[in-house]
Amino acid sequence: MLPGLCRFHGLVSRALVPLAGRQVELKLLGCSANVQRARYATPATERKKFYRDVTISQGEGGLYEINLDRRKLKTPGGKLFTVPNEALAIAVATEWDAQKDTLKFYTMHLTTLCNTALDNPTQRDKDQIISAALKFLETDTVCYRVEEPPGLVELQKNEWDPVLEWIEKRYNVVIGSSYSIMGPQIPEETKDSFRQHLKSYNVWSLIGLEYVISQLKSVVLSLGLIDRHLTVEQAVLLSRLEEEYQIQHWGNVEWAHDYDMYELRARTAAGTLFVYLSSESATVKKKILQD
Amino acid sequence: MAGVRALGVYRGVLKELRNLQGSEYTHSMAYTHLREQFRSNQVTGERYCRAKKEALHTCQVYLCLLESTRLHMNLHQLYHGRGERGPEEVAQLVGLRMPTQPGGKGWEE
C-alpha cells in the first residue's frame with residue numbers, strides 16, 4: 001500500500017511540476033544534447049531587461065559578437081553568440097536595443113534565427129535541411145487550386161499562375177498545379193534541380209530559407225522572395241490568398257486576421273533578411289581616379 | 001539606390017528606428033550603417049553600385065520587418081490575454097464595487 005501510494009504521489013508531483021522533474025532527470029542523464037533540447041523546449045517568453053547599452057565587437061576569426069553592457073551575449077545552448085558579418089550583427093544589436101523594460105523574445109526573430117543556426121538544436125546537417133525544405137514542394141500552397149467558388153478560382157488563377165510561370169522559367173523546371181486533393185505530380189527532375197540549387201547555399205542561409213518556406217508554406221513563393229521577384233508583402237498576400245478572399249466576403253477581424261498577417265510578415269521578412277545577410281559577401285571595388 | 005522609391009524606403013526605416021530608439025537614434029549603429037549603405041550604393045560616375053535593386057530590396061525587407069513587428073506588438077498588447085482578472089476588476093465589469101469596510105455598501109452579513 002505504502003510503496004504504491006508513494007509511486008502515485010511521485011507521478012502526480014511530476015505531472016504537476018514537469019519542469020522540476022525533467023531537470024532532475026537531466027542531471028541524472030547529464031547529456032548535453034538533452035540539456036539543450038530542454039532549454040529550447042521551455043522558452044521564457046519574457047524577461048526583465050538587465051542591460052543598458054548594446055554594442056558589437058569583432059572577435060576571433062573575424063566573427064562579430066554582441067555585448068550587453070560588459071557581458072557577451074550567449075545562445076540558449078551556452079555558446080558564444082557570433083555572427084559572420086557586420087550587417088547581421090547590427091540588425092541583431094538593434095533588436096536587443098529596441099527592447100524596453102522587458103525582453104520580448106517573440107519579437108526578436110533575427111536573434112532567434114541566429115540562435116538556431118549556432119546551436120542547431122535539432123542536430124541536422126545540410127542535406128537534411130534541404131530535404132525538409134523541399135518537402136513543402138509536394139504540398140505547395142500555390143499548386144493547390146479550388147474548384148469553387150468561382151471568384152476564388154479566378155483569383156487563384158490570376159494571382160498564382162504568374163508566379164508559377166516565373167519559377168518554371170527561372171529554374172527551367174516543371175511544377176504544375178492541381179485541383180485534386182493529392183496535389184500535382186512533381187517530376188523527380190524538378191526536385192533534383194531544386195536540390196542542386198539549394199546546395200549552393202550555406203547552412204545559415206538554408207536555415208533562413210527553410211524558416212521562410214515553413215512560414216509561407218510554399219517553396220515557390222519563398223524562392224520568388226529570395227530571388228527578389230516578390231516583395232515580402234506580396235509573398236505574404238499570395239500565401240494567404242484564400243484568407244484574404246474570405247475577409248473580403250465576411251469582413252476583417254483585427255485580433256485574428258491582422259494579428260496573424262503582421263506576425264507572418266515579420267517572420268517572413270526576418271527569414272529573408274537572414275538569408276540575404278548570411279549569404280552575401282560584399283566586395284567594394286573603387287574606381288581609380290585618372291587625371 | 002537613386003530614386004524616389006529608395007528615398008521613401010530610407011525615410012520609412014529611419015522613422016521605425018526613431019520609434020524604437022527615441023530621438024537619439026542618429027547615434028545608433030543601425031543608423032550609421034544604413035546611411036553608409038545608402039550613400040555607397042548611390043549611382044554616380046565614380047561608384048556604380050553592385051545591384052541597385054538588390055540593396056533596395058534588402059532595405060525594403062528590413063523596413064517590412066521593423067514595421068510589421070511594431071504593428072504586431074501593438075495588436076498583441078491590445079488583445080493578448082493577461083491572465084485572470086482580479087475580484088475588483090470583475091466586479092467593475094458588471095458595475096459593482098468591492099466592499100471597503102465591514103457593514104458598508106455591498107457587505108454581506
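The values are calculated or read from the model by the stated rules, or taken from the named source; none is laboratory data. Being a predicted model, the structure only gives us computed values, none of them experimental. Using ideal geometry, Cβ is built from the backbone for each residue, glycine included, and neighbour counts are taken over all protein chains shown. These area figures cover heavy atoms from the full protein model, side chains too; ligands, DNA and RNA do not enter into them. Shrake-Rupley method; radii C 1.70, N 1.55, O 1.52, S 1.80 Å.
Give the aspartates and glutamates whose C-alpha is closer than 15 Å to that of A:K135, dropping any in the same chain fewer than 8 places away, or say none.
Candidates past the 8-residue exclusion: A:D127, A:E188, A:E189, A:D192, A:E210.
What does the charge count around A:T102 come to, taking other residues whose C-beta lies under 12 Å from its C-beta (Lys +1, Arg +1, Asp -1, Glu -1)?
Within the 12 Å Cβ shell, the charges total +3.
Please go through the residue pairs A:K79/A:K100; A:K48/A:K126; A:K79/A:K104; A:K126/B:K15; A:K100/B:K53 and name each one whose alpha carbons sit more than 28 Å apart in this structure. Could the numbers behind the result be given before it?
Details: A:K79/A:K100 25 Å; A:K48/A:K126 36 Å; A:K79/A:K104 21 Å; A:K126/B:K15 38 Å; A:K100/B:K53 34 Å.
In this structure, A:K48/A:K126; A:K126/B:K15; A:K100/B:K53 exceed 28 Å between Cα atoms.
Run the numbers on the stretch A:247-262: which residues show a drop of 30 Å² or more in accessible area, chain on its own versus all protein chains together, using a 1.4 Å probe over heavy atoms?
A:E254, A:W255, A:Y259, A:Y262
Counting only protein heavy atoms and rolling a 1.4 Å probe, how much accessible area do A and B lose on contact, total for both sides, in Å² to 100? The partial results should precede the final answer.
Numbers: alone 18080 and 9140 Å², together 24230 Å².
Between A and B, the summed buried area is about 3000 Å².
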